[in-house]
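The values are calculated or read from the model by the stated rules, or taken from the named source; none is laboratory data. Every value quoted in this text rests on a predicted model; they were computed, and no experiment measured them. Quick reminder, even Gly has a Cβ in these numbers, built from the backbone with ideal geometry, and neighbours come from all protein chains shown. SASA here: full protein model, heavy atoms, side chains in, ligands and nucleic acids out. Shrake-Rupley method; radii C 1.70, N 1.55, O 1.52, S 1.80 Å.
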Amino acid sequence: MLEVRNVVKEFPSGDGVIRPVNGVTFSLPQGTFAAILGRSGSGKSTLLSILGALDTATSGDVVMDGTNISQLPPGRLTEYRRRDIGFVFQQYNLIPNLSAMENVMLPMEFAGVGKAERMARAAALLNEVELTEELHQRPANRLSGGQQQRVSIARALANRPRLVLADEPTGNLDEETGELIIELLRNLAQQENTTILVVTHDQALAAKTDRRLRLARGTLTEE
Amino acid sequence: MNILARSMGNAFRNKVRSGAVILILAVAIGLALSMLVAHQAVGAKVAELKSQIGTQLTVNPAGSRGFEGGGEPLTNSDLDTVRSVEHVSAAEGSLSLRLSTSDAASAEDSGSDDSASDDSAAQEGSGGGDSGAAQSDTAQSDPAQSGTAQSEPAQAGSRGPGSMATAGSTSLRSAVDAGTLGARNSGTSDGTSGSTAAQAPPAMPLTATGISTAAAADGSELTLTDGTAITDYSANSTEVLLGASLAEENGLAAGSTFEALGRTFTVAGVFDAGTVFDNNALYLPLAAAQELSGQTGELSSILVTVDSMENVDSTQTALTDALGSDRADVSAGTAGLSEAINSLAGVQSISLVGFIAALAAAALIVLLIMIMVVRERRREIGVLKAIGASNRTIGLQFVLEAVVLVAIGAVLGSVIAVGASGPIASALVDSSTGSSSSIEAGSMGPGAMGGEALQAPPGTDGQPSDGQSDGPSDGQSTDGQSTDGQAQGTAPDGAPAGGPGSGPFGSGGPFGSFDQTAELIGTVTTSVGPGTIALGAGGVLFIAAFGALVPALMTARVRPIEVLRGE
């Protein structure tokens with residue numbers, strides 16, 4: 001269960017401050033496939049960064065299964081990201097000279113998983129994201145956009161995280177591929193019992209999720 | 001894939017850039033290793049030369065070496081002063097005399113008879129020399145079998161055309177022919193035409209050294225091949241030691257007699273100093289040499305033994321202070337050795353600076369390249385942190401990438417160093433000895449050779465210092481050998497005649513000092529020992545550590561949120 005309690009984030013701006021996140025409160029049961037909607041610049045990525053422990057809130061709490069992430073020291077935050085969070089980026093952000101398999105194995109290597117187990121799980125995940133086997137050893141910079149995003153999703157699921165945060169995962173893909181990616185995420189949320197939160201400005205994409213939350217002027221409302 | 005494999009892969013993401021970096025590193029590291037090897041090799045050579053100096057100092061009259069230069073001779077009183085200086089464990093004086101030979105007598109005879117025809121004889125070419133030689137052969141018609149030299153001794157202090165002032169004469173013949181060099185340096189050749197046609201046969205004097213112990217004037221043990229050492233060192237002694245070449249030339253052996261300085265001497269023993277030059281000499285008791293040459297109480301040089309190597313420098317200073325710098329020159333070993341050591345010390349400094357500079361350049365190259373790489377991959381670093389990599393893991397990755405580049409560069413650099421270290425060391429040594437030699441040679445002037453440090457015995461026709469007029473100096477010995485068979489002598493001032501790697505450099509006088517230094521240095525052998533390898537490896541690690549550490553620390557400052565904000 002993910003609980004967000006009155007989270008506020010301020011940035012200095014001129015003589016004052018701006019609050020892209022201003023008292024956001026919501027909760028997501030484990031295994032939920034949800035979307036946060038909002039226009040560009042509405043603060044969606046800022047909220048995502050706070051939920052993913054990449055940034056700290058000015059005030060408020062983020063609680064993951066009873067653990068208050070907001071109060072963890074930096075070293076524990078790294079551990080939290082390593083084991084409990086998966087990221088899917090708009091620009092994939094794979095390591096270009098590593099193969100698809102090696103990219104998926106990276107988070108497991110950081111978590112100290114043994115080589116044999118890493119290889120087995122990576123292969124299984126790549127199959128789950130429907131990347132054909134002959135592409136498993138291909139360097140990431142030689143994969144198509146859709147293929148790279150599949151690898152990115154597989155990497156995000158490598159350590160069986162409780163929460164996957166996807167920031168505009170279909171932003172660089174064509175419509176058809178985008179729909180396939182969204183469908184993939186939905187299925188994985190169920191299969192892996194992972195909460196998947198997608199940040200997007202695409203209404204049609206958001207409609208394919210189970211829950212939709214809209215962020216506007218710093219406040220979150222559920223649709 | 002583990003972090004090392006990943007780092008190796010990352011190091012070659014940009015193959016062209018990585019190749020260029022490795023090439024530059026190879027050159028820099030190769031140069032550094034070459035300088036290191038040269039430094040070690042030169043250091044070993046310096047240690048070898050210093051071991052030759054050992055604990056000995058040589059005291060010469062100020063401004064004089066052997067038969068060159070001028071000034072006042074040392075005395076027995078100076079010897080007592082030397083012995084009273086702290087840390088002096090032993091001091092022995094010696095007196096070098098130049099004796100005219102029976103060859104000179106024959107040359108004088110032919111010269112006085114044919115003085116009017118000297119010019120024509122010179123124009124005829126080598127006829128004068130031949131006639132002189134023939135006459136000397138005639139004069140010495142019955143050598144060897146009786147063991148007594150029969151030749152008519154030349155007049156003491158006689159000076160035929162082109163010969164040098166002497167302290168006396170001997171019935172012996174020189175074992176060294178004048179030849180072209182002797183004729184040229186004795187001024188009997190026509191300097192303008194380069195002809196060696198002699199007005200009279202050039203007279204090659206012999207060097208007789210008065211000693212007071214069983215060692216040679218330079219302190220080295222004399223290797224006797226016949227007979228025994230001198231046992232009677234009194235002024236009335238008639239015992240001498242002959243060099244092997246001289247004994248052979250005159251058909252003498254232990255027990256034979258000959259005339260010298262107006263006294264009949266008996267050969268006590270025959271020694272072998274290792275070279276023809278050094279064997280063309282004789283040793284006699286110091287007191288006898290002083291008395292017979294009219295130089296009672298005078299010394300050419302004093303050989304000092306210091307109680308330990310650590311006290312050599314301080315004792316050298318103390319001796320100079322005790323004797324007065326205007327009266328005595330105190331040198332460690334020979335001037336040539338000191339000069340050689342100073343030359344090599346300069347090379348050591350240059351090579352050390354070169355080693356450090358090349359290492360620093362390599363480290364800077366790695367640093368700049370890695371900073372550029374970190375900046376290029378800032379987003380990637382952020383992503384790695386976002387997916388769970390710690391600062392230490394990421395820093396280690398970049399350090400390993402730098403280490404990979406440095407390691408490959410070091411391997412190639414080692415190959416370069418294997419081929420280049422020898423030539424670089426030789427070039428450094430050659431340039432060092434070459435620069436010092438040009439200064440030395442330039443200080444020579446006409447008349448620099450044939451200098452008459454000796455005083456002719458009273459009543460002789462010595463004409464001291466007339467040797468200056470014997471012709472322009474031509475001390476450019478090409479092989480370190482004395483161009484005048486006697487000018488450098490058997491180094492009574494302490495040069496180890498025939499010493500290891502030294503050759504017959506003699507008194508360290510003005511001529512041939514370039515060749516002296518180079519010959520003293522001999523061969524500098526480059527080799528790679530455990531110490532060199534350890535130091536080289538340490539240098540390479542320094543390059544990698546310095547070059548990678550700063551960029552690694554930079555990665556720790558990258559915040560993953562910055563990466564996402566750039567999305």
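Take the residues in region B:509-562 that are modelled with pLDDT under 65 and open to solvent by less than 20 Å² (accessible area, probe 1.4 Å), then tell me which one is nearest to B:Arg392 (Cα to Cα). Steps first, please.
Initially, region B:509-562 is screened for residues modelled with pLDDT under 65, giving B:509-523.
Narrowing the set further to residues that are open to solvent by less than 20 Å² (accessible area, probe 1.4 Å) leaves B:509, B:511-513, B:516-517, B:520-521.
On the way: B:Gly509: 67, B:Phe511: 67, B:Gly512: 65, B:Ser513: 62, B:Gln516: 61, B:Thr517: 57, B:Leu520: 57, B:Ile521: 53 Å.
This residue is B:Ile521.
Within region A:52-74, being within 12 Å of chain B (Cβ to nearest Cβ) and either assigned to a helix (DSSP H, G or I) or under 15 Å from the mean Cα position of the chain (by Cα) (or both) holds for A:Gly52, A:Ala53, A:Leu54, A:Asp55, A:Pro74. In the condition set (1) within 11 Å of chain B (Cβ to nearest Cβ); (2) modelled with pLDDT of 90 or more, A:Leu77 is compliant with all but (2).
Screening region B:1-108 for helices (runs of 4 or more DSSP H) wholly inside it with 1 or more residues that are among the charged types (D, E, K, R) and under 30 Å from B:Ser432 (Cβ atoms) returns the ranges B:15-53. The set of residues from region A:154-197 being modelled with pLDDT of 90 or more, within 14 Å of chain B (Cβ to nearest Cβ) and outside any loop (DSSP other than H, G, I, E, B) comprises A:Ala154, A:Arg155, A:Ala156, A:Leu163, A:Val164, A:Leu165, A:Ala166. In the condition set (1) under 19 Å from B:Pro205 (Cα atoms); (2) open to solvent by less than 40 Å² (accessible area, probe 1.4 Å); (3) more than 33 Å from the chain's Cα centre (by Cα), B:Glu259 is compliant with all but (2). Within region A:80-97, the residues that satisfy the criterion of being more than 13 Å from the chain's Cα centre (by Cα), more than 7 Å from chain B (Cβ to nearest Cβ) and outside any helix (DSSP H, G or I) are A:Leu94, A:Pro96.
For region A:99-118, residues that are more than 10 Å from every other protein chain (Cβ to nearest Cβ) and open to solvent by 20 Å² or more (accessible area, probe 1.4 Å) total 5.
Could you list, in sequence order, all residues of region B:376-392 that are open to solvent by 40 Å² or more (accessible area, probe 1.4 Å) and touching a residue at least 12 places away in the same chain (Cβ under 8 Å)?
Keep residues of region B:376-392 that are open to solvent by 40 Å² or more (accessible area, probe 1.4 Å), which gives B:376, B:378-379, B:391-392.
Residues satisfying the conditions are B:Arg378, B:Arg379, B:Asn391.
Examine region B:371-380 for a residue that is within 30 Å of A:Ala166 (Cβ to Cβ) and not in a helix (DSSP H, G or I), and state whether such a residue exists. Break it down stepwise before answering.
Filtering region B:371-380 for residues within 30 Å of A:Ala166 (Cβ to Cβ) gives B:373-380.
Then keep just the ones that are not in a helix (DSSP H, G or I); that gives B:377.
Yes, there is a match, as at least one residue in region B:371-380 is within 30 Å of A:Ala166 (Cβ to Cβ) and not in a helix (DSSP H, G or I).
Of all residues in region B:232-255, count the ones that are in a loop (DSSP other than H, G, I, E, B), open to solvent by 10 Å² or more (accessible area, probe 1.4 Å) and under 22 Å from B:Ser293 (Cβ atoms). Looking only at that region, the number is 7. Applying the selection to region A:50-88, what residues are among the polar types (S, T, N, Q) and within 23 Å of A:Arg155 (Cβ to Cβ)? Of everything in region A:50-88, just one residue is among the polar types (S, T, N, Q) and within 23 Å of A:Arg155 (Cβ to Cβ), namely A:Thr78. Does A:Glu109 fit the bill of being modelled with pLDDT of 90 or more and assigned to a helix (DSSP H, G or I)? Yes; evaluated as a whole, the condition is true for this residue. Taking the conditions (1) within 14 Å of chain B (Cβ to nearest Cβ); (2) closer than 17 Å to B:Arg6 by Cα; (3) open to solvent by 30 Å² or more (accessible area, probe 1.4 Å) in turn, A:Arg138 satisfies each one other than (1). Tell me, please, whether a residue that is surrounded by fewer than 16 Cβ atoms within 10 Å (Cβ to Cβ), over 14 Å from the mean Cα position of the chain (by Cα) and facing chain B (nearest Cβ under 9 Å) can be found in region A:38-49. Within region A:38-49, not a single residue is surrounded by fewer than 16 Cβ atoms within 10 Å (Cβ to Cβ), over 14 Å from the mean Cα position of the chain (by Cα) and facing chain B (nearest Cβ under 9 Å). From the list A:Gly75, A:Gly52, A:Gly16, A:Gly60, the lone residue that is free of Cβ contacts under 8 Å to residues at least 60 places away in the same chain, surrounded by 17 or more Cβ atoms within 10 Å (Cβ to Cβ) and out of contact with any Pro (no Cβ under 8 Å at 6 or more places or on another chain) is A:Gly60.
Could you say which residue among B:Leu359, B:Leu364, B:Leu412, B:Leu396 is open to solvent by less than 30 Å² (accessible area, probe 1.4 Å) and under 25 Å from B:Phe546 (Cβ atoms)?
Working: B:Leu364 fails: open to solvent by less than 30 Å² (accessible area, probe 1.4 Å); B:Leu412 fails: open to solvent by less than 30 Å² (accessible area, probe 1.4 Å); B:Leu396 fails: open to solvent by less than 30 Å² (accessible area, probe 1.4 Å).
None of the other options fit; the residue is B:Leu359.
Among the residues of region B:290-311, the ones that are open to solvent by 30 Å² or more (accessible area, probe 1.4 Å) and modelled with pLDDT of 90 or more come to 5 in all.
Condition check: among the aliphatic types (A, V, I, L, M) and either open to solvent by 10 Å² or more (accessible area, probe 1.4 Å) or within 14 Å of another protein chain (Cβ to nearest Cβ) (or both). Does A:Leu215 satisfy that? Let's see the steps before the verdict.
On the way: among the aliphatic types (A, V, I, L, M): yes; either open to solvent by 10 Å² or more (accessible area, probe 1.4 Å) or within 14 Å of another protein chain (Cβ to nearest Cβ) (or both): no.
So A:Leu215 fails the test.
Taken over region B:272-321, the criterion of being part of a strand (DSSP E or B) and either under 18 Å from B:Thr81 (Cβ atoms) or among the aromatic types (Phe, Trp, Tyr) (or both) is satisfied by B:Tyr283, B:Glu298, B:Leu299, B:Ser301, B:Ile302, B:Leu303, B:Val304, B:Thr305, B:Val306.
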